[in-house]
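Have a look at the structure below, then the notes.
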Amino acid sequence: MFWDQPVETLSRAELERLQLQRLQDTVRRVASRVPFYQQKFAELNVKPENIRSLADLRKLPFTTNTDLRANYPAGLLAVLYDETLRLHTSSGTTGKPKALFFSRRDVDNAAELCARSFVATGVTNKDVFQNMMTYGMFTGALVTHYGAEKVGCLVIPAGPGNSERQILLMQDFGTTVIHITPSYGLYLATFLEKHGVNPRRDLKLRKAFVGAEPYTEETRLKIEQGLGLDVYNSYGLSEMNGPGVAFECEQKYGMHLWEDHFLMEIIDPQTGEPLPNGERGELVMTTLCREAMPLLRYRTRDMTSIIPIPCPCGRTHRRLNRITGRSDDMLILRGVNIYPQQIERVLMATPGIGRNYLIQLEGLDEMTVKVELAEAGFDGQVGHLLDLQTRLAENLRAEILVKPRVQLLPPGELPISEGKAKRVIDNRKL
Ligand code: DLL
């Protein structure tokens, strides 16, 4: 099923023609209106007329997280203040948030791309969409809310948390699609199990859109099994509209990045140089349609690769592999590079292990992986689980090359996360 078939199936040549024209417009726009880019262009000695092909993209400067914060609140605006319609923010771990402005056209485009994404998974106007993302400054809920309304779904703006009420809403209004973070999805699956709700028998759920933070294929399976539905990976970031940037289609294999709205590059995060097609590196994106706050070559810090083969669904927009973490997420433990996703993969694939975990780094260079046991089969004791603990520590060592301490906890012991989970606590005194 398509929302906008002509655009979604444009030939590569047509798509690239459209991209070049939109890139040139964007470059002219920022060159005439945004002092930050004017200065960057002067430093690199580039002018809008130097951008004659898509390959010329590499002449343009990168934009970083730090640039956004340094220009807070409105330094990167390319429209008049009066022409802005909506503000979102994205909070990082430290310091000022990033402020993201939307014009009327930006608001509409963001909803349009969500509608396109939802329909690509098989959603129709008959679906009931329960939105469990946080409503507020976060893009996750509002942007998808309007996208689902555009498709004609009944939208339930539930927000996250209060799982008992979530289930009542699902039962009373016949929810078929949910939008949820992976951490809350895992929690909700446990909650249903604990309360004897059998989703296949008691609910009408068909699909879940899961994103906003990295997760593994093993987590997808756990959510699918626990909630009795299909999980579609959804990727986006506030700097590029929020959700609806890249989305899985009915094939559930790789996320189509909407290339009529965004140019993508995969670079080596250390050197900034482009990587060969299919190699894993940092995703860099340039907005092609954003009016209020266009961004050139934005360093997302997200690590992924492009799937180098066309999708059987017929969409020509290229697919991204699962985001395996952020380049700045990487932990270095005793000199070894470790991504939290590697740990999650092992945990979620181990029978008897539950869905909530925490990675704690402390002391000189010690890692403890705290993980809850699965609800099913748990008899109130953790003492006699030595065997499982040893096996898990060994499996983790095989994956991350250093042996962490493993602490098994009764179900429900770790803090619940409804939004983005904080999985790593680093208190090392290095
Ligand atoms: O998280 C937008 C969003 C909301 C996407 C709901 C999908 C669903 P930010 O708060 O700006 O925006 O955070 C963006 O979250 O750079 C990634 O590091 C991470 N992220 C988002 N989606 C995924 C995903 C929203 N599917 C940052 N897989 C991004 C892995 C993801 N990481």
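The values are calculated or read from the model by the stated rules, or taken from the named source; none is laboratory data. Source: prediction; values computed, not measured. Reconstructed Cβ throughout: ideal geometry from the backbone, glycine too, with neighbour counts over all protein chains shown. Quick note on the areas: whole protein, heavy atoms, side chains included, nothing else; ligands and nucleic acids left out. Shrake-Rupley method; radii C 1.70, N 1.55, O 1.52, S 1.80 Å.
When the Cα convex hull of segment 293-416 is projected onto planes of every orientation, the mean area is 12.1 nm².
Site pair GLN381 and GLU149 shows an inter-label distance of 5.6 nm when each label is modelled 7 Å from Cα along Cα→Cβ. Helices in the chain, meaning DSSP H runs of at least 4 residues, each add -39500 (n - 2.57). Divided by all residues, the mean residue ellipticity at 222 nm is -9500 deg cm²/dmol. Modelled label positions at TYR135 and GLU14, each set 7 Å beyond Cα in the direction of Cβ, lie 3.9 nm from each other. Rank PRO276, PRO157, PRO404 by mean-square fluctuation in a GNM of the chain with C-alpha springs under 10 angstrom and give only the top-ranked residue. Residue with maximal mean-square fluctuation among PRO276, PRO157, PRO404: PRO276.
Would you mind telling me the share, in percent, of accessible area of the chain contributed by carbon and sulfur at probe 1.4 angstrom? Roughly 51 percent, rounded to a whole number. A cut-off under 14 angstrom between Cβ atoms defines the neighbours of ALA13, and their net charge, with Lys, Arg +1 and Asp, Glu -1, is -2. Amide H to amide H distances under 5 Å link LEU85 with PHE102, SER103, ARG104, where only residues 5 or more positions off or on other chains count and H is placed in the peptide plane. A full extension of the chain between GLU399 and TYR72 corresponds to an added length of 113.7 nm, given 0.36 nm per residue minus the alpha carbon distance. Using a 10 angstrom cutoff on alpha carbons, build the Gaussian network for the chain and name the most mobile of ILE306, ILE180, ILE51. Checking each option, the largest mean-square fluctuation is seen for ILE51. Residues ASP365, ASP127, ordered by accessible area of protein heavy atoms at a 1.4 angstrom probe radius and largest first, appear as ASP365, ASP127. Using a ≥ b ≥ c from the Cα gyration tensor of segment 1-128 (square roots of the eigenvalues), is it rounded, prolate or oblate, where a/c under 1.5 gives rounded and otherwise the larger of a/b and b/c decides, a/b for prolate? Oblate shape, in that a/c is at least 1.5 and b/c is the bigger or equal ratio.
Over the chain, Cα pairs under 8 Å with separation of 6+ residues give a relative contact order of 14 percent. With all protein chains kept in place, the per residue accessible area of the chain amounts to 43 square angstrom at a probe of 1.4 angstrom. For trypsin sites (Lys or Arg not before Pro), the sites in segment 1-108 that DSSP calls loop and that have at most 15 other Cβ atoms within 10 Å are ARG52. Stretching SER53 away from ASN427 to a fully extended chain increases their span by 129.8 nm, per 0.36 nm per residue minus the current alpha-carbon distance. Counting every pair of alpha carbons in the chain, the share spaced more than 33 Å apart comes to 36 percent.
Remark: spin-label model distance LEU409-LYS194 equals 1.2 nm, labels positioned 7 Å along the Cα→Cβ axis.
Using R0 = 25 Å, the C-beta based FRET efficiency linking ASN45 and GLN270 works out to 0.50. Note on the chain: GNM, Cα springs under 10 Å; of GLN24, GLN270, GLN341, the largest mean-square fluctuation is that of GLN270.
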